[in-house]
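Participant: Quick one: structure below, then a few questions.
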Amino acid sequence: MTTKDTPTNTRTVVTDPNVALRIRRASQDTGTVLWRDMIRTARQPEMLVFAVVMGVFFLLLFNYVFGGAIAAGAGFDYLQYLLPGVLVITALQGAQQTSMGLAADFTEGVNDRFRSLPMSQSAVIAGRTIADALRNIAGLVLVALVGILMGFRFASFGGAVVAIALATGIGYGFSWLGAVIAAKVRQPDMVGMLSMFWLFPLMLASTAFAPVETMPGWLQPFVTYQPISVASDAVRGLVNGVPVGDRITWTLAWIVGLLVVSAPMSVRLYRKVG
Amino acid sequence: MTTRVSNPVITVQNLRKTFGSVEAVKDVSFNVEPGQVLGLLGPNGAGKTTTINMISTLLHIDAGEASVGGFDVRTQPEAVRQLIGLAGQSAAVDEKLTARENLELFGRLYKIPRVERRRRIDELIEQFDLGEFAERPASTYSGGERRRLDVVAALVAEPPAVFLDEPTTGLDPRSRSELWNTVRSLAANGVAIVLSTQYLEEADRLADEILVIDQGSVVAQGTPDALKRDLERDVLEVHVTSRADLDVARELLGFDESIITDIEARRIDIPIPDGADRSLDLLRQLQEGGVSISNFQLRQPTLDDVFLALTGATVTESEELTT
Ligand SMILES: Nc1ncnc2c1ncn2[C@@H]1O[C@H](COP(=O)(O)OP(=O)(O)OP(=O)(O)O)[C@@H](O)[C@H]1O
Ligand SMILES: [Mg+2]
């Protein structure tokens with residue numbers, strides 16, 4: 001660390017921060033960006049409203065339109081099956097919003113200033129993903145409340161809390177994947193389209209809306225282990241109070257895997273200067 | 001360990017940047033001492049923004065050297081960022097946040113301690129008259145208000161090196177003169193300033209040293225007085241009747257780089273270093289040579305003349321090629 005005596009005042013120029021200092025400053029910056037993104041989220045409630053409306057839309061559509069067909073003969077309460085899947089889908093929708101939001105952020109002028117500031121550049125993405133995760137929690141709680149109004153019953157409060165945490169977690173993992181796309185593409189509408197490419201297939205070929213047994217055999221291995229399915233299964237077990245087997249482990253593995261791959265990649269792509 | 005900041009604060013050596021086939025900056029070098037204002041003067045596309053963005057770590061430097069406070073921009077960008085404040089060409093503030101929140105955001109990111117930060121922000125809002133709109137989101141600001149906030153944002157951390165890219169573009173005369181005062185008082189406090197502008201007057205009033213750049217290269221460099229001695233001569237504008245008159249006139253005047261011919265407008269601009277007598281001589285000479293003069297005017301040089309005088313050869317040539 002070197003202290004430089006400059007004409008205006010004496011300032012400390014940190015030239016070779018050690019790892020501890022780097023981490024402290026990065027968390028401080030993340031907190032600052034989070035504070036900023038929370039203000040922005042509060043001033044744009046449309047994002048939250050949109051996420052909740054989408055969730056409620058899926059609940060109504062699947063429960064009342066397809067519910068009968070899917071659960072026919074299976075002899076179970078479809079709403080108890082559906083809501084956990086919708087919670088996971090809602091969380092992923094949030095991740096998609098991170099992607100589009102970040103792409104928009106990157107094109108905003110303020111981003112140029114960020115790159116000229118003595119701040120951790122990863123904080124721009126980290127702050128945003130955390131702000132979106134917090135918004136996601138609010139969205140999930142609201143969707144769950146609508147589910148309860150429709151007749152859904154949580155087996156236990158603790159289970160509900162862990163389930164929402166898990167859904168938020170998988171959404172958080174995907175929001176870093178969204179950050180990679182955003183940092184690479186940087187055009188909000190383009191990013192929106194690209195997110196559809198991973199979101200739709202994963203969403204439809206999953207156990208979010210229908211049990212794996214109802215799908216063709218060749219598809220079943222994929223459906224069983226893909227992230228939306230494992231998260232839906234885990235959440236489903238937790239809220240219904242039934243054993244979940246390896247599903248929580250798989251969900252956590254997906255979250256860690258997404259973070260380990262996406263976080264460094266997104267920051268590297270973001271940092272790239274022309 | 002305490003070391004004095006090295007003199008000069010900003011050094012730039014043979015800076016170079018290409019975008020594909022565009023050589024945006026070819027060879028730019030300068031030094032800025034503490035308390036000095038360097039004016040980057042040049043037309044659209046000259047390379048002003050590219051130069052500033054390279055020094056302020058936003059753009060990768062293709063070749064050459066740049067340092068701020070002794071820190072190499074390429075190898076120690078994180079140290080450089082602690083010493084600079086940048087007000088880029090397009091306002092870089094968060095549109096959804098108010099002026100106060102924006103300043104708070106940047107103050108936090110500069111790691112200014114809380115109490116000092118609050119005091120500093122209040123002081124800046126007061127000093128720059130942001131009070132009227134400080135509590136409204138920036139998206140509701142007028143162009144000039146946003147620009148002002150942007151400049152103020154560059155000053156939150158009282159950086160010893162400040163980059164202002166066309167800071168007065170879009171400002172009304174009052175805000176412009178306030179900004180000029182700000183630049184002067186920053187310089188008086190020892191801040192090294194790089195300021196780009198398209199206005200000769202602005203460079204003249206503020207800069208200790210002016211760098212005229214065009215197409216990425218420095219075409220003139222010196223104190224405003226030295227440059228003006230070179231450039232501040234009256235211009236005799238002669239309008240002739242036909243294209244043939246234009247050719248005859250060029251012939252009579254002889255080859256001189258500083259004489260600008262505008263073929264479209266059938267006009268010749270002749271720099272006159274020594275006033276009215278010489279103009280009369282020239283006009284008589286043209287008339288006796290058979291040139292039909294439709295109109296003439298003796299006028300002060302404009303920035304156009306400065307640019308054209310410095311880059312005139314290429315402009316005339318390309319015009320002749322296309323006609
Ligand atoms: N990202 C880019 N990609 C391609 N070309 C670029 C890029 N940025 C700048 N240029 C080109 O580099 C040249 C210099 O641009 P620059 O923005 O530095 O000019 P300037 O002097 O700031 O002009 P102005 O007064 O219009 O702001 C221009 O020809 C411009 O088209
Ligand atoms: Mg520019």
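The values are calculated or read from the model by the stated rules, or taken from the named source; none is laboratory data. In this text the structure is predicted, and so the values were computed from the model without any measurement. Positions of Cβ are generated from backbone atoms using ideal geometry, with glycine treated the same way; all protein chains shown enter the neighbour counts.
Participant: Among the listed residues B:G312, B:G254, B:G289, identify the single one that is modelled with pLDDT under 85 and more than 27 Å from B:Q221 (Cβ to Cβ).
Facilitator: Going through B:G312, B:G254, B:G289 in turn, just one is modelled with pLDDT under 85 and more than 27 Å from B:Q221 (Cβ to Cβ): B:G254.
Participant: Oh, and also: In segment B:54-74, what residues are free of Cβ contacts under 8 Å to residues at least 60 places away in the same chain and either within 16 Å of ligand 2 (Cβ to nearest atom) or not assigned by TED's automatic domain parsing to the domain that holds B:A91 (or both)? Lay out the reasoning, then the answer.
Facilitator: Going residue by residue through segment B:54-74, those that are free of Cβ contacts under 8 Å to residues at least 60 places away in the same chain are B:54, B:57-67, B:71-74.
Across segment B:54-74, the qualifying residues are B:M54, B:L58, B:L59.
Participant: Something else: Consider B:F106 against the criteria (1) more than 11 Å from every other protein chain (Cβ to nearest Cβ); (2) surrounded by 16 or more Cβ atoms within 10 Å (Cβ to Cβ); (3) under 26 Å from B:T50 (Cα atoms): it satisfies all of them except one. Which criterion is unmet?
Facilitator: Condition (1) is where B:F106 drops out.
Participant: Out of all the residues in segment B:50-69, which are farther than 20 Å from B:Y110 by Cα and facing chain A (nearest Cβ under 9 Å)?
Facilitator: Correct list: B:L59, B:H60.
Participant: Oh, and also: Give me a count of the residues in segment B:20-49 that are touching a residue at least 40 places away in the same chain (Cβ under 8 Å), within 14 Å of chain A (Cβ to nearest Cβ) and within 13 Å of ligand 1 (Cβ to nearest atom).
Facilitator: Summing the residues that are touching a residue at least 40 places away in the same chain (Cβ under 8 Å), within 14 Å of chain A (Cβ to nearest Cβ) and within 13 Å of ligand 1 (Cβ to nearest atom) in segment B:20-49 gives 3.
Participant: Of all residues in segment B:187-201, which are of a type outside the set (S, T, N, Q) and either part of a strand (DSSP E or B) or modelled with pLDDT of 90 or more (or both)? Reasoning before the result, please.
Facilitator: First, pick out the residues of segment B:187-201 that are of a type outside the set (S, T, N, Q): B:187-188, B:190-195, B:199-201.
Passing the criteria: B:A187, B:A188, B:G190, B:V191, B:A192, B:I193, B:V194, B:L195.
Participant: Still on this model: Given the criterion over 15 Å from the mean Cα position of the chain (by Cα) and of a type in the set (V, I, T), identify the matching residue among B:T11, B:T50.
Facilitator: Result of the check over B:T11, B:T50: B:T11.
Participant: Check segment B:213-234 and report whether any residue there is part of a strand (DSSP E or B), under 16 Å from B:L298 (Cα atoms) and either in contact (Cβ under 8 Å) with a residue 24 or more places away in the chain or not hydroxyl-bearing (S, T, Y) (or both). So that I can check it myself, show each step before the final result.
Facilitator: Within segment B:213-234, the first condition is being part of a strand (DSSP E or B), and the residues that meet it are B:213-214, B:217-222, B:234.
The next check asks that each one be under 16 Å from B:L298 (Cα atoms); those that pass are B:234.
Going one step further and asking which of them are either in contact (Cβ under 8 Å) with a residue 24 or more places away in the chain or not hydroxyl-bearing (S, T, Y) (or both), we end up with B:234.
Taking every residue of segment B:213-234 in turn, at least one turns out to be part of a strand (DSSP E or B), under 16 Å from B:L298 (Cα atoms) and either in contact (Cβ under 8 Å) with a residue 24 or more places away in the chain or not hydroxyl-bearing (S, T, Y) (or both).
Participant: Please go through segment B:79-97 and pick out each residue that is more than 16 Å from ligand 1 (Cβ to nearest atom), under 24 Å from B:R136 (Cβ atoms) and in contact with a strand residue (DSSP E or B) (Cβ under 6 Å, 6 or more places away or on another chain).
Facilitator: Residues of segment B:79-97 more than 16 Å from ligand 1 (Cβ to nearest atom): B:79-85, B:93-97.
This time we only want the ones that are under 24 Å from B:R136 (Cβ atoms), so: B:85, B:93-97.
Within segment B:79-97, B:G85, B:K96 qualify.
Participant: Now for a separate question. Can you go through B:G85, B:G144 and tell me which one is within 24 Å of B:V194 (Cα to Cα) and surrounded by fewer than 20 Cβ atoms within 10 Å (Cβ to Cβ)? I'd like the intermediate steps shown before the answer.
Facilitator: Working: B:G85 fails: surrounded by fewer than 20 Cβ atoms within 10 Å (Cβ to Cβ).
So the residue among B:G85, B:G144 that is within 24 Å of B:V194 (Cα to Cα) and surrounded by fewer than 20 Cβ atoms within 10 Å (Cβ to Cβ) is B:G144.
Participant: Filter segment B:93-103 for residues that are crowded, with 24+ Cβ neighbours inside 10 Å, within 9 Å of chain A (Cβ to nearest Cβ) and without any contact (Cβ under 8 Å) to a residue 60 or more places away in the chain; which is farthest from B:A153 (Cα to Cα)?
Facilitator: Residues of segment B:93-103 that are crowded, with 24+ Cβ neighbours inside 10 Å, as a first pass: B:93-94, B:99, B:102-103.
Applying the additional criterion that residues be within 9 Å of chain A (Cβ to nearest Cβ) yields B:93-94, B:102.
When the remaining residues are screened for being without any contact (Cβ under 8 Å) to a residue 60 or more places away in the chain, the result is B:94, B:102.
Working: B:D94: 11, B:N102: 8 Å.
Only one residue fits best here, namely B:D94.
Participant: On to the next question. Taking the stated definitions as given, is A:D5 closer than 30 Å to B:A187 by Cβ, modelled with pLDDT under 85 and within 14 Å of another protein chain (Cβ to nearest Cβ)? Walk me through how you get there before you give the answer.
Facilitator: On the way: closer than 30 Å to B:A187 by Cβ: yes; modelled with pLDDT under 85: yes; within 14 Å of another protein chain (Cβ to nearest Cβ): yes.
Yes: the conditions hold for A:D5.
Participant: Restricting segment B:155-171 to residues that are surrounded by fewer than 22 Cβ atoms within 10 Å (Cβ to Cβ) and closer than 19 Å to B:E123 by Cβ, which is nearest to ligand 2 (Cβ to nearest atom)?
Facilitator: Only one residue fits best here, namely B:L155.
Participant: May I ask you to verify whether B:D129 is of a type in the set (D, E) and either surrounded by 19 or more Cβ atoms within 10 Å (Cβ to Cβ) or free of Cβ contacts under 8 Å to residues at least 12 places away in the same chain (or both)?
Facilitator: Working: of a type in the set (D, E): yes; either surrounded by 19 or more Cβ atoms within 10 Å (Cβ to Cβ) or free of Cβ contacts under 8 Å to residues at least 12 places away in the same chain (or both): no.
Criteria not met by B:D129.
Participant: Also: Does B:T50 satisfy the condition of being in contact with a Lys or Arg (Cβ under 9 Å, 6 or more places away or on another chain), among the β-branched types (V, I, T) and within 13 Å of ligand 2 (Cβ to nearest atom)?
Facilitator: yes
Participant: Every residue in segment A:8-29 that is modelled with pLDDT under 65 and in a loop (DSSP other than H, G, I, E, B), please.
Facilitator: Within segment A:8-29, A:T8, A:N9 meet the criteria.
Participant: Looking at segment B:172-201, which of its residues are within 16 Å of ligand 2 (Cβ to nearest atom) and surrounded by fewer than 22 Cβ atoms within 10 Å (Cβ to Cβ)? Working first, answer last.
Facilitator: Within segment B:172-201, the first condition is being within 16 Å of ligand 2 (Cβ to nearest atom), and the residues that meet it are B:194-199.
Across segment B:172-201, the qualifying residues are B:Q198, B:Y199.
Participant: Could you list, in sequence order, all residues of segment B:27-42 that are away from ligand 2 (no atom under 16 Å from the Cβ) and in a strand (DSSP E or B)? Can you show your working first?
Facilitator: Going through segment B:27-42, the residues away from ligand 2 (no atom under 16 Å from the Cβ) turn out to be B:27, B:29-37.
The answer is B:D27, B:S29, B:F30, B:N31, B:V32, B:V37.
Participant: Oh, and also: Hey, among the residues in segment B:126-180 that are outside any loop (DSSP other than H, G, I, E, B) and polar (S, T, N, Q), which one's nearest to the other protein chains (Cβ to nearest Cβ)?
Facilitator: Only one residue fits best here, namely B:S139.
Participant: If B:G45 satisfies all but one of (1) touching a strand residue (DSSP E or B) at 6+ places or on another chain (Cβ under 6 Å); (2) within 16 Å of ligand 2 (Cβ to nearest atom), what's the number of the condition it fails?
Facilitator: For B:G45, the failing item is (1).
Participant: Also: Just a yes or no: is a residue in segment B:70-77 part of a loop (DSSP other than H, G, I, E, B), away from ligand 1 (no atom under 12 Å from the Cβ), facing chain A (nearest Cβ under 9 Å) and within 17 Å of B:K17 (Cβ to Cβ)?
Facilitator: No, segment B:70-77 contains no residue that is part of a loop (DSSP other than H, G, I, E, B), away from ligand 1 (no atom under 12 Å from the Cβ), facing chain A (nearest Cβ under 9 Å) and within 17 Å of B:K17 (Cβ to Cβ).
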